[in-house]
1. If you place +1 on the Cβ of every Lys and Arg, -1 on the Cβ of every Asp and Glu, and leave all else neutral, what size is the dipole of the chain about its Cα centre, to the nearest 20 Debye?
2. Do the sum for the chain: with -39,500 (n - 2.57) for every DSSP H run of n ≥ 4, divided by all residues, what is the mean residue ellipticity at 222 nm, to the nearest 500 deg cm²/dmol?
3. Counting only residues 5 or more places away or on other chains, whose amide H sits under 5 Å from the amide H of VAL35 once H atoms are built in the peptide plane?
4. Is the shape of the stretch 46-85 best called rounded, prolate or oblate, per the rule: a/c under 1.5 gives rounded, else a/b larger than b/c gives prolate, else oblate, with a ≥ b ≥ c the square roots of the Cα gyration tensor eigenvalues?
5. Take the chain, connect every pair of alpha-carbon atoms lying under 10 Å apart with a spring to form a Gaussian network, then pick out the residue of ARG89, ARG40, ARG110 with the largest mean-square fluctuation.
6. According to the Kirkwood expression over distinct Cα-Cα pairs, how big is the hydrodynamic radius of the chain, in Å?
7. Along the Cα→Cβ direction, 7 angstrom out, place labels at GLU33 and LEU55. What is the inter-label distance in nm?
8. Quick one: 3J(HN,Hα) in Hz for the stretch 41-50, Karplus 6.51/-1.76/1.60 with θ = phi - 60°, rounded, Gly and Pro as x.
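Read the figures in this text as sums done on the coordinates, not as results from a lab. In this text the structure is predicted, and so the values were computed from the model without any measurement. Cβ: placed from backbone, ideal geometry, glycine included. Neighbour counts: every protein chain shown.
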Amino acid sequence: MKLSREDPEMSFSEIGLIELDPSQVKALLDSGEAVLVDVREDDEFAEEHIEGSVLYPMSDFEIETWPNFPDRKIVISCLGGVRSAAVARKLISAGQGWAVHLKGGLNAWRDAGLPTVTGV
């Protein structure tokens, strides 16, 4: 899946902030094109998360330590999309240019009938 402003399936709620729905994120993850970074807290992540996601709590956010995955896009996720959008805005403000987040977060993922890992 190519990320492009011309893609009619993609939502740009503000300059640089790309919102993808769960099916779009799943396609990127399944193809190996993206990594999902979950910005919720440790206890929330342990309770339930999307398989393969990487935890980086918003409370620990620093641009200098933000994860880097060469050759893969980062999609940011949280519970409902508020924290992931906030982290995306911080990345954009720091000069990244654009950032991608899972619109609706884990709740939207679950509502779409997609699997999660619980109680780990």
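1. Numbers: 11 positive and 21 negative charges, 75 e Å.
Dipole magnitude for the chain comes out near 360 debye.
2. Values: 4 runs with 33 residues, N = 120.
Calculated mean residue ellipticity at 222 nm is -7500 deg cm²/dmol.
3. Here LYS73, ILE74, VAL75 satisfy the definition.
4. Working: a/c = 1.64, a/b = 1.23, b/c = 1.34.
Verdict is oblate for the stretch 46-85.
5. The residue with the greatest mean-square fluctuation here is ARG110.
6. On the way: mean 1/r = 0.0704 Å⁻¹.
Hydrodynamic radius (Kirkwood, Cα only) of the chain equals 14.2 Å.
7. 2.9
8. Each residue of the stretch 41-50 in turn: 7, 3, 5, 5, 4, 5, 5, 6, 7, 7 Hz.
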